[in-house]
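Here's the structure we're looking at; comments come further down.
We did not get these values from a lab; they are worked out from the coordinates using the rules stated. Since this is a predicted model, take the numbers as computed values, not measurements. Note that we place each Cβ from the backbone using ideal geometry, even for glycine, and neighbour counts take in every protein chain shown.
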Amino acid sequence: MDPLIDDAQALFQAAIRSVQADQLFRSVDLEALLEKPLGAYRRVLVVGTGKASMAMAGAAEALLGNHLDGGLVVVPHGYQASLPASQRAPAIVEVVEAGHPVPDRAGVEAAAQGLSLADSCTEEDLLLVLISGGGSALWPAPADGLSLEAIQETVRLLLHSGADIHQMNTLRKHLSRIKGGHLAAAAFPATMWALVVSDVVGDDLSVIASGPTVPDGSTYDEAVAVLHAYGLWERVPSPVRDHLLRGRRGLRPETPKPGADLFARTQTLLLGSNREALEAARTAAAQRGYAARIIARDLVGEAREIGRAIARRAVQVPDDRPVCLLWGGETTVTVTGLGRGGRNQEVALAAALELDGSRRRVVVLSGGTDGIDGPTDAAGAWATPQTASRGLDPAAYLANNDAYSFFEQNGGLLKPGPTHTNVMDVQIALIAPW
């Protein structure tokens, strides 16, 4: 394999390792955060949701020791058997699996259990909430009058629309009994600390897993606007439309807003984000002899356009020394074809088309730090100037949103498996001298 590809994969792994739970929890001093010693609380409970929540629960157990009285976290199906050896499995906190990215009945039941644990808390209790990306799907908790099936169909439509995570979660918060600060409302007046791993651009706490523990500034009006913006208003199930319209008329309560008394005993600590992952990749690149630069931490936009732009930037780099360029963020895909893939694979395939014919020594790698890209077993893919000229028609595969099939046949799929963390995506361009 090309040494550049080896290096790109190594940098990607360094990024992931830096934001796994055992690394992030090294900086957590619960005794310093809390208003009183752990032993002074009547009960200490843990609830959590997201792709990192199982590993976070294991790390939290190590901090809490014999003060922990129980809890429950929910992760995607298959995660319990995929925990990396570097991560500690929880022994006290129950782990359940549920559907992602489309919620399922198991997620409904897990959210109900989480709400029940929160509701059981008194002002003498401590509730530790572990939140990471993926939590919105895993904790659906449909609002009163909405069925799981209505939520599922709405989510499917959103996933194919090109809506970004801020827009998707604005809608999700207004269709749920746990999102948008509702978990905090259930736990009040308990002491609540939320430990969060961010998977959204800008690290907005109200967007990460749809902000179950923080105030929500979005409104029913904005949720309705998202559906209109993407031509989905007439396509979502009628109970969803009816629910949103009743909310807009004031016939359903809004999500808890900033300044509400129920947040007086709720605090949040951001443990990790894409920033840490990119810094780790930059450091690893420098150790390998690259002049490394982080270009952006807020990369958004249509995946194929981003892939082309990254490739163009890479081939314009002066060729006098090895260079590493890094981006982080989360692109989107407007699905019009029938193929398989994800946003990172589309970034790589578009980059391959842009690199085609270049005489530069370049590799562009794009990967999801959760180890999963769309409905596939890949985290993403990598491309070189030779990728597009191996007998397949990359433009046709891209037009059909079928990047996975292209790279599966052509080589280049990135398959680390579930990483039990999630801080969006990392794009790496390595450029070597002639």
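Using the Cβ atoms and a cut-off under 11 Å, what net charge is assigned to the surroundings of residue 236, where Lys and Arg are +1 and Asp and Glu are -1?
Values: positive: 156, 235, 241; negative: 153, 234, 242.
Its environment carries a net charge of 0.
Determine the sum of side-chain charges near residue 61: Lys and Arg each +1, Asp and Glu each -1, restricted to other residues whose C-beta is under 13 angstrom from that of residue 61.
On the way: positive: 88; negative: 22, 69, 94.
Around residue 61, the surrounding residues sum to -2.
Based on the inverse mean of 1/r over its pairs of different Cα atoms, what is the Kirkwood hydrodynamic radius of segment 241-294, in Å? Walk me through the numbers before you get to the answer.
Working: mean 1/r = 0.0630 Å⁻¹.
One decimal place: 15.9 Å for the Kirkwood radius.
If each of residue 261 and residue 156 carries a label point 7 Å out from its Cα toward its Cβ, how far apart are those two points in nm?
For residue 261 paired with residue 156, the spin-label model returns 4.5 nm.
What is the distance in Å between the Cα centroid of segment 325-342 and that of segment 1-44?
So the two Cα centres are separated by 27 Å.
Could you tell me the calculated FRET efficiency between residue 415 and residue 389, based on Cβ-Cβ distance and R0 = 22 angstrom, to the nearest 0.05? The partial results should precede the final answer.
Details: r = 23 Å, r/R0 = 1.06.
After rounding to 0.05, the efficiency reads 0.40.
Could you line up 382, 233, 139, 193 from fewest to most neighbouring Cβ atoms inside 10 Å? Write out the running numbers ahead of the final one.
On the way: 382 27, 233 15, 139 31, 193 19.
Lowest to highest Cβ neighbour count: 233, 193, 382, 139.
Would you mind ranking 219, 336, 154, 421 by Cβ crowding within 10 Å, fewest neighbours first?
Numbers: 219 17, 336 10, 154 24, 421 30.
Final ranking by Cβ density, sparse to dense: 336, 219, 154, 421.
Translational D (Stokes-Einstein, µm²/s) of segment 61-113 at 37 °C and 0.692 mPa s when Rh comes from the Kirkwood sum over C-alpha pairs? Spell out each step's value before the answer.
Details: Rh = 12.3 Å.
So the translational diffusion coefficient is about 267 µm²/s.
Report the relative contact order of segment 275-432, percent, no decimals, based on alpha-carbon pairs under 8 angstrom and at least 6 residues apart. Could you put the intermediate results ahead of the total?
Numbers: 383 pairs, mean separation 45.0, N = 158.
In percent, rounded to a whole number, it is 29.
Set the Förster distance to 30 Å, then compute FRET efficiency between residue 148 and residue 335 from the Cβ-Cβ distance, nearest 0.05.
Efficiency, rounded to the nearest 0.05: 0.85.
Which Cα, out of 329, 240, 258, lies furthest along the positive dipole direction of segment 233-389 (beta carbon charges, K/R +1, D/E -1)?
258
What is the angle, in °, between the Cα long axis of helix 303-315 and the longest principal axis of the Cα atoms in the chain? Nearest 10 is fine, range 0 to 90.
That helix lies at roughly 50 degrees to the long axis.
Using only C-alpha atoms and all pairs of different ones, pull out the Kirkwood radius for segment 275-432 in Å with one decimal. Intermediate results must be reported in sequence, preceding the final value.
Working: mean 1/r = 0.0657 Å⁻¹.
After inverting the mean inverse Cα-Cα distance, the result is 15.2 Å.
On full extension of the chain, what length is gained from residue 291 through residue 42, given 0.36 nm per residue of separation minus the C-alpha to C-alpha distance? Before the final figure, lay out each step's value.
On the way: separation 249, 0.36 × 249 = 89.64 nm, distance 5.36 nm.
Contour length minus Cα-Cα distance gives 84.3 nm.
What do you get for the angle between helix 105-119 and the principal long axis of the chain? Use alpha-carbon atoms, 0 to 90 degrees, nearest ten.
The angle comes out at about 50 degrees.
Using only Cα atoms, figure out Rg for segment 337-428 and give it as a multiple of 2.2 N^0.38 Å. Present the calculation step by step, with values, prior to reporting the outcome.
Working: Rg = 12.3 Å, N = 92, 2.2 N^0.38 = 12.3 Å.
Dividing the Cα radius of gyration by 2.2 N^0.38 Å gives 1.00.
So if we plug the beta-carbon distance of residue 124 and residue 2 into 1/(1 + (r/R0)^6) with R0 = 45 Å, what FRET efficiency do we get, rounded to 0.05? If you can, show how the numbers build up before the last one.
On the way: r = 60 Å, r/R0 = 1.34.
Step by step, r from the Cβ atoms, then E = 0.15.
In which sequence would 241, 172, 359 go, from the one with the fewest C-beta neighbours within 10 Å to the one with the most? Before the final figure, lay out each step's value.
On the way: 241 17, 172 27, 359 9.
By the 10 Å Cβ count, ascending: 359, 241, 172.
Report P(r) for the chain: all Cα-Cα distances, bin width 10 Å, range 0 to the bin holding the largest distance, values in whole percent.
5, 22, 30, 24, 14, 5, 0
For segment 278-345, report the translational diffusion coefficient in µm²/s to the nearest whole number, using Stokes-Einstein at 37 °C, 0.692 mPa s, and a Kirkwood Rh over Cα pairs. Intermediate values should be presented prior to the final figure.
Numbers: Rh = 13.5 Å.
This corresponds to a translational diffusion coefficient of 243 µm²/s.
Among 135, 372, 307, whose Cα projects farthest towards the positive end of the dipole of the chain, with charges put on the beta-carbon of Lys, Arg (+1) and Asp, Glu (-1)?
The residue sitting farthest along the positive end of the dipole is 307.
With an 8 Å cut-off on Cα pairs and a minimum separation of 6 or more residues, tell me the relative contact order of the chain in percent.
Numbers: 1054 pairs, mean separation 73.7, N = 434.
That works out to 17 percent.
In whole angstrom, note down how far apart the Cα centers of segment 123-151 and segment 367-434 are.
Using only Cα atoms to place each centre, the spacing works out to 32 Å.
Specify the inter-centroid distance of segment 200-228 and segment 249-320, based on alpha-carbon positions, in whole Å.
Result: 17 Å between the Cα centres.
Using a simple spin-label model with points 7 Å from Cα along the Cα→Cβ vector, what separation in nm is obtained for residue 81 and residue 222?
4.1 nm
Return the Rg/Rh value of segment 171-304, two decimal places, where both radii are evaluated on C-alpha atoms and Rh is the Kirkwood radius.
Numbers: Rg = 19.0 Å, Rh = 17.3 Å.
Rounded to two decimals, Rg over Rh is 1.10.
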